[in-house]
Amino acid sequence: QRSKLYSLLRHLPVMIASLVIVACIINELILSNSPRIILLSSTNGKVFLQDSQIYQKAAAALFGKSVFNGNKLTVDVNGISSSLKNTFPELQDVSITLPILGHKPIVYIESSDPALALSEQNGIFLVNNTGKALILVNKNSPLLNDLHLVLVTDQSGLRVSIGQTILPSTTVNFIQTITNQLMAQNIKVSSVILPAKASEVDVYITGTSYYGKFNTQEQGSALQQVGTFIAVYKQLAKHGITPTQYIDVRINGRAYYK
C-alpha cells in the first residue's frame with residue numbers, strides 16, 4: 001500500500017499538469033456567442049449599412065443557436081455567413097475569423113455598392129452589380145444625387161422585391177459599360193429604358209430627341225456596340241444630320257438610324 005501511495009504521489013504532478021493542459025485546450029476551443037463586428041465598406045456602400053449592434057445581435061443569435069457553434073472545431077462558419085447575407089440584403093459579403101487565442105469570433109461585414117437605380121411604379125430600387133435589389137427609395141431621395149447613379153426605367157414588367165435578384169448581373173454590367181463609355185466621350189446620358197422588347201436597352205442622350213438601341217444578348221460586344229454608336233453619333237453631328245428617332249447598333253458591325 002505504501003508502494004502504491006508513493007507511486008501515486010510521484011506521478012501526481014504529471015497527472016495534475018496533464019489535466020491542466022487538457023483544461024486549457026478545452027477552454028481555448030470555446031467560442032463566445034458575442035462576436036466582434038467589423039464593417040468593411042466603400043463610401044457609397046456605407047449609406048446602406050445599419051447600426052453595427054443590429055448585425056452583432058443577429059450574429060450572436062446564430063452563434064448561440066446550436067451547441068455545435070459554441071466551439072472552434074464544429075462551428076458552422078459558412079452557415080452563419082450565409083444566414084447573415086440572407087437576412088440583410090444590403091450585405092455583399094460576410095466572412096468570419098476564429099481567434100487562435102481567445103474566445104470572441106470576428107465577423108467582417110461588407111456592404112453592397114449600388115450599381116444603378118431602377119425606376120418602378122412603387123418607387124426607385126437601388127440595385128447592386130449582381131442585380132440584387134438593395135433598398136427602395138422615393139424619387140426625391142437625396143441618395144440619388146449623392147450616389148450619382150444611372151437611372152434605369154423598367155417597361156418590361158420586372159417583378160421587384162427587396163433582397164431578390166431582379167436583373168441578371170450581365171445586364172447590369174452591360175448598362176454600366178455603355179453609360180461609362182458614353183460619359184467618357186462627354187456624351188451625357190439623360191435616361192436608360194428597359195423596353196418591353198426582350199434583350200434591348202434604349203439609352204437616351206441629353207440634348208437630343210433620339211436614343212441608342214443596344215442588344216444585351218451580345219454580352220461580349222458591349223464595347224463594340226457603344227464604339228459603333230459613338231462613331232455614328234459623331235459622324236452625323238459632323239455633317240449636321242440629326243436622327244428623329246434612334247441609332248440602332250444591335251447588330252455587331254452595323255448601324256442604322258431613323
**Study point:** Where labels lie 7 Å past Cα in the beta-carbon direction, separation of Leu40 and Lys139 in nm
**Key:** 4.0
Exercise for review: For Thr170, Thr228, Thr87, write out the residues from largest to smallest accessible area, computed with a 1.4 angstrom probe and no ligands counted.
Suggested key: Thr87, Thr170, Thr228
Point to revise | Extension reserve of the Thr208-Gln185 stretch, reckoned as 0.36 nm per residue once the Cα distance is removed | key: 6.7 nm
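Please find the FRET efficiency linking Gln155 to Ile54, where r is the Cβ-Cβ separation and R0 is fixed at 22 Å, and quote it to the nearest 0.05. Please list the in-between numbers first.
Details: r = 36 Å, r/R0 = 1.65.
The calculated FRET efficiency here is 0.05.
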Revision key, fill the gap. In whole percents, the bins of 10 Å from zero upward hold the Cα-Cα pairs of the chain as 6, 23, 21, 16, 12, 8, 5, 3, 3, 1, 1, 0
Check your understanding: So how long is each side of the stretch 184-257 along the principal axes, counting just the alpha-carbon atoms, biggest first, in Å?
Key -> 32, 23, 23
Check your understanding: Calculated FRET efficiency, Asn33 and Asp93, Cβ-Cβ r, R0 25 Å, to nearest 0.05?
Key -> 0.70
Practice item. Mind giving me the nanometre distance, one decimal, between the label points for Lys238 and Ala196, set 7 Å out from Cα along Cα→Cβ? Key: 3.9
Practice item. Can you spot the lysines whose alpha carbon is less than 24 Å from Lys85's alpha carbon? Ignore those fewer than 8 places along the same chain. Key: Lys46, Lys57, Lys65, Lys72, Lys104, Lys132
Study note, to complete from the structure: Expressed in µm² per second, the diffusion coefficient of the stretch 114-211 from the Stokes-Einstein equation, with Rh the Kirkwood radius over alpha carbon pairs, at 20 °C and 1.002 mPa s, is 157
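With the contact rule set at Cα under 8 Å and sequence spacing of 6 or more, what percent relative contact order holds for the chain?
On the way: 424 pairs, mean separation 30.1, N = 258.
That works out to 12 percent.
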Review point. In the chain, with Lys and Arg counted as +1 and Asp and Glu as -1 at Cβ, which of these residues, Asn69, His239, Leu158, has the Cα nearest the positive end of the dipole, that is, farthest along it?
Key: Asn69
Review point. Where does helix 2-29 land angle-wise versus the long Cα axis of the chain, in degrees 0 to 90, nearest 10?
Key: 10
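For the stretch 169-223, what is the Kirkwood estimate of the hydrodynamic radius, computed as the reciprocal of the mean inverse distance between distinct Cα atoms, to one decimal in Å?
Every distinct Cα pair counted, the radius reaches 11.4 Å.
Please give the FRET efficiency for Asn252 paired with Ile16, using the beta carbon to beta carbon distance and R0 = 45 Å, rounded to the nearest 0.05.
Details: r = 79 Å, r/R0 = 1.76.
It comes to 0.05.
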Revision key, fill the gap. Working note, the stretch 59-195: Cα radius of gyration (Å, one decimal) and Dmax (Å, whole number) are 19.1, 59
Check your understanding: If ligands, DNA and RNA are left out, what is the accessible area of Arg250 with a 1.4 Å probe, given in Å² to the nearest 10?
Key -> 70
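Treating only the Cβ of Lys, Arg, Asp and Glu as charged (+1, +1, -1, -1), what charge dipole size does the chain show about its Cα centre? Round to the nearest 20 debye. Please list the in-between numbers first.
Working: 21 positive and 14 negative charges, 125 e Å.
Here the chain has a charge dipole of around 600 debye.
If Lys and Arg each add +1 and Asp and Glu each add -1, what is the summed charge of the other residues whose beta carbon sits under 15 Å from the beta carbon of Thr242?
Numbers: positive: Lys234, Lys238, Lys258; negative: none.
Around Thr242, the surrounding residues sum to +3.
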Revision key, fill the gap. Under a 1.4 Å probe, counting only protein heavy atoms, Lys72 has an accessible area in Å², nearest 10, of 40
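The values are calculated or read from the model by the stated rules, or taken from the named source; none is laboratory data. What you are looking at is a predicted structure, and each value in this text was computed from that prediction instead of being measured. Every residue, glycine as well, gets a Cβ built from its backbone with ideal geometry; the counts of neighbours run over all protein chains shown. These accessible areas exclude ligands, DNA and RNA; they are computed on the full protein's heavy atoms, side chains included. Shrake-Rupley method; radii C 1.70, N 1.55, O 1.52, S 1.80 Å.
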